[in-house]
Amino acid sequence: MSVLLEVAGLTKRFPVRGGAVHAVSDVSFTIEEGESLGLVGESGSGKTTTGRCILRLVEPTAGTVRFRGRDITALGRRDLRAARADMQVVFQEPYESLNPRMTVHQIVEEHLLLHRPELSKADRAAQVAELLDKVSLRSEHGRRRPHELSGGQQQRVGIARAIATDPAFLVLDEPTSSLDVSVRAQILELLLGLQRDLGLSYLFISHDLSTIQYSCTRVAVMYLGRIVEVGPTREVFEEPRHPYTRALLSALLRPDVDQSVSRIQLEGEIPSAITLPPGCAFASRCPVAIGACVEAVPELRRVAGDAQRAACLRAEEIPALMATPGPG
Amino acid sequence: MTLLEVKGLRVEFSGREEPVRAVNGVDLEIERGEIVGLVGESGSGKTVTSLSILGLIRQPGRITAGSILLDGTDLRTLGPEQLRAIRGARVSYVPQSPRGALNPLLRIGKQMENILVSHGEGGRQATAELRRRTVEMIEAVGISDPQRALRAYPHELSGGMAQRAVIANAMILRPDLVIADEPTTGLDVTVQAQILDLFSERVREQGAGALLVTHDLGIVANYCTRIAVMYAGRIVETGPARAVFQRPRHPYTVGLLRSVPVLGQPLFSMPGQAPDLRALPSGCAFAARCANVLPECAAVPPPWREVAREAHRFLCHLEDGAPL
């Protein structure tokens with residue numbers, strides 16, 4: 001497999017009165033062709049901003065984003081627009097991301113008009129029909145407007161629009177979070193099926209660990225703008241090496257009355273991203289923090305296997321220090 | 001006596017077209033000391049059911065049938081003044097969004113004092129006594145610096161802190177029944193666990209009963225003693241949480257449980273969507289999506305089935321429920 005996307009040193013600060021919100025700090029990762037990387041974290045962890053910076057829906061403050069070797073952050077407007085045919089996004093709130101005045105047909109057609117101007121009207125109509133079929137919508141749905149559809153159907157429209165230009169890579173920003181449980185499963189199956197059929201790569205952003213565990217081969221955990229742990233999903237979920245990953249997994253409530261996980265109770269909440277604490281951002285809530293933790297930001301380093309990395313000074317001791325959450 | 005007994009509750013919302021039948025004959029019981037999880041997807045009627053218990057159904061909504069007995073007194077027979085005295089003091093509410101439940105212009109402490117005063121606990125009580133009770137309550141919801149929290153305005157609190165304040169508001173009059181509607185939906189998972197631990201601890205400590213409305217089966221499995229699953233305005237399965245999770249019977253409950261992704265198990269994707277509440281079928285409302293549908297399901301209303309010895313019931317034509 002070859003690397004499709006390479007993010008290096010990605011940083012985004014939003015200026016505010018008296019300083020800046022450090023939304024994303026020095027984030028680096030790669031995604032291979034056909035791979036799904038899960039990006040998990042709580043609100044304010046910077047996962048959505050990371051996804052938006054990659055597509056330059058938000059301009060990064062620093063860092064590079066290489067897509068098939070080409071630096072997206074250096075592109076001018078026209079080249080960026082052309083590049084976006086290959087990298088698309090599915091948003092969390094399907095209704096808010098669809099133009100209420102347009103029909104479903106027009107919404108899906110719009111990207112074709114932009115990126116495939118050579119297509120005749122009849123060819124475009126045929127492509128739209130095919131796209132609707134791919135997301136299991138009937139052709140009559142094409143004549144409806146977003147408010148006439150259910151939440152699940154709206155998200156299908158959002159997905160059809162995203163794959164209209166035959167992209168290689170999609171940022172999925174909480175694509176199932178606003179949907180009902182039974183509909184979530186439908187949309188997740190659709191996304192996984194499309195990935196298999198079209199060879200898509202995903203950056204799958206979610207706060208829901210079960211969804212990531214089910215759909216991604218690798219996972220990166222974010223806390224206060226930084227990746228604190230990354231690796232193969234199986235290894236990270238079975239033997240997390242960062243205390244935050246452990247706490248997050250132990251807080252996961254499974255629909256199982258016999259769940260026997262000793263929960264790691266974290267004190268307080270995620271600190272402000274305006275005045276970042278010195279050293280490890282998690283130290284203020286960490287049950288196993290030591291003096292050295294607040295001195296310097298710990299490096300994301302290899303701790304186990306070939307590919308599991310964690311940004312914790314005590315990563316090697318973590319399995320012994322904290323109870324194993326285990327994936328149920 | 002049973003703390004809360006809802007019998008045959010029906011609620012309609014009328015508009016220009018056919019009325020929306022949001023709740024279609026709900027029976028629900030809650031005893032002191034138990035937390036009942038009311039589970040369902042959007043439009044299933046779980047929020048309308050809880051608002052009915054609080055006497056908060058407003059036009060164009062209307063309770064068309066049923067009774068809501070709190071310690072044997074039918075709340076539907078009470079006037080607005082009597083209901084107001086009961087709300088907060090005997091039945092209280094923790095809504096989904098703490099921001100919407102707190103007055104943005106008043107300090108947290110003042111809001112708590114107002115609750116005490118409006119239920120007649122101010123009067124001759126000295127200010128110092130009101131203060132003492134608010135401090136005690138805010139400590140009980142796990143806020144480590146109570147003086148600072150009481151002086152804060154809602155916008156100065158984080159989401160988790162604001163939800164703790166809302167729970168403090170809901171518990172300060174020591175209600176008999178607490179209704180919490182998706183109390184942790186907007187919160188992060190690590191904070192969610194803190195809030196739910198605290199909520200169940202307060203409910204048990206005060207000997208109250210609670211109705212926890214949620215779409216999250218993980219919350220019910222971990223925090224509720226009993227579960228009631230709603231679909232299209234009816235409860236379709238109810239029983240002790242342990243019994244229902246170990247052997248769900250209604251095809252909808254089975255499908256819902258299998259819709260939660262678990263590694264190493266195939267994800268079950270329930271087809272279709274919930275029915276239109278303006279045009280419900282004469283038979284089972286779930287028939288169109290059911291994997292185990294029988295010829296009679298669409299036209300004939302399903303009967304209640306009892307699972308022996310477990311107080312576990314489900315509404316279905318299948319005698320033993322869906323096969324696992």
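If we scan segment A:166-174, do we find a residue that is within 14 Å of chain B (Cβ to nearest Cβ) and farther than 19 Å from A:D208 by Cα? No, segment A:166-174 has no match at all. Taking every residue in segment B:215-229 that is more than 7 Å from chain A (Cβ to nearest Cβ) and in a helix (DSSP H, G or I) and pairing it with any residue that is surrounded by fewer than 22 Cβ atoms within 10 Å (Cβ to Cβ) and of a type in the set (S, T, Y), at least 6 positions away or on another chain, the pairs with Cβ-Cβ distances below 7 Å are B:Y223/B:S200.
Among the residues of segment B:197-214 satisfying the criterion of being of a type in the set (S, T, N, Q) and outside any loop (DSSP other than H, G, I, E, B), which is nearest to the other protein chains (Cβ to nearest Cβ)? I'd like the intermediate steps shown before the answer.
Filtering segment B:197-214 for residues of a type in the set (S, T, N, Q) gives B:200, B:206, B:214.
Still in the running and outside any loop (DSSP other than H, G, I, E, B): B:200, B:214.
Details: B:S200: 12, B:T214: 10 Å.
Selected residue: B:T214.
Among strands (runs of 3 or more DSSP E) entirely within segment A:1-91, having at least 1 residues that are among the polar types (S, T, N, Q) and touching a Gly at 6+ places or on another chain (Cβ under 6 Å) singles out A:3-16, A:19-32. Of all residues in segment A:131-147, none satisfies being closer than 24 Å to A:L253 by Cβ, within 14 Å of chain B (Cβ to nearest Cβ) and not aromatic (F, W, Y). Counting only residues that are farther than 25 Å from A:E33 by Cα and either more than 24 Å from the chain's Cα centre (by Cα) or aliphatic (A, V, I, L, M) (or both), segment A:79-107 holds 9 of them. Check segment A:292-302 and report whether any residue there is in contact with a Leu (Cβ under 6 Å, 6 or more places away or on another chain), part of a loop (DSSP other than H, G, I, E, B) and modelled with pLDDT under 85. The answer is no, given that none of the residues of segment A:292-302 is in contact with a Leu (Cβ under 6 Å, 6 or more places away or on another chain), part of a loop (DSSP other than H, G, I, E, B) and modelled with pLDDT under 85. Looking across segment B:300-310, the residues that are part of a loop (DSSP other than H, G, I, E, B), at pLDDT below 95 and more than 14 Å from every other protein chain (Cβ to nearest Cβ) come down to B:A308, B:R309. Residues of segment B:247-262 that are within 24 Å of the chain's Cα centre (by Cα) and either facing chain A (nearest Cβ under 7 Å) or of a type in the set (A, V, I, L, M, F, W, C) (or both): B:V254, B:G255, B:L256, B:L257, B:S259, B:V260.
Any idea which residue in segment B:263-295 is farthest from B:L217 (Cα to Cα), counting only those that are buried (at least 17 other Cβ atoms within 10 Å of the Cβ) and within 7 Å of chain A (Cβ to nearest Cβ)? Per the criteria, the residue is B:Q273. Filtering segment A:210-237 to residues that are more than 10 Å from chain B (Cβ to nearest Cβ) and within 27 Å of B:V254 (Cα to Cα) leaves only A:C216.
Of the residues making up segment B:177-196, those that are closer than 12 Å to B:V166 by Cβ and more than 14 Å from chain A (Cβ to nearest Cβ) are B:V178, B:A180, B:D181. The residue that is nearest to the other protein chains (Cβ to nearest Cβ), among those in segment B:117-163 that are crowded, with 23+ Cβ neighbours inside 10 Å and within 17 Å of B:A208 (Cβ to Cβ), is B:V141. Do you know which residues across segment B:135-186 are within 22 Å of B:L70 (Cβ to Cβ) and among the acidic types (D, E)? The answer is B:D176, B:D181. From the list B:A232, B:A241, the one residue that fits, being within 11 Å of chain A (Cβ to nearest Cβ), within 19 Å of B:G321 (Cβ to Cβ) and within 19 Å of the chain's Cα centre (by Cα), is B:A241. Confirm whether A:A247 is buried (at least 23 other Cβ atoms within 10 Å of the Cβ), modelled with pLDDT under 95, more than 18 Å from the chain's Cα centre (by Cα) and not in a helix (DSSP H, G or I). So A:A247 fails the test.
The values are calculated or read from the model by the stated rules, or taken from the named source; none is laboratory data. Values in this document were obtained by computation on a predicted structure and should not be read as measured data. Here Cβ is always computed from backbone atoms with ideal geometry, including for glycine, and neighbour counts include all displayed protein chains.
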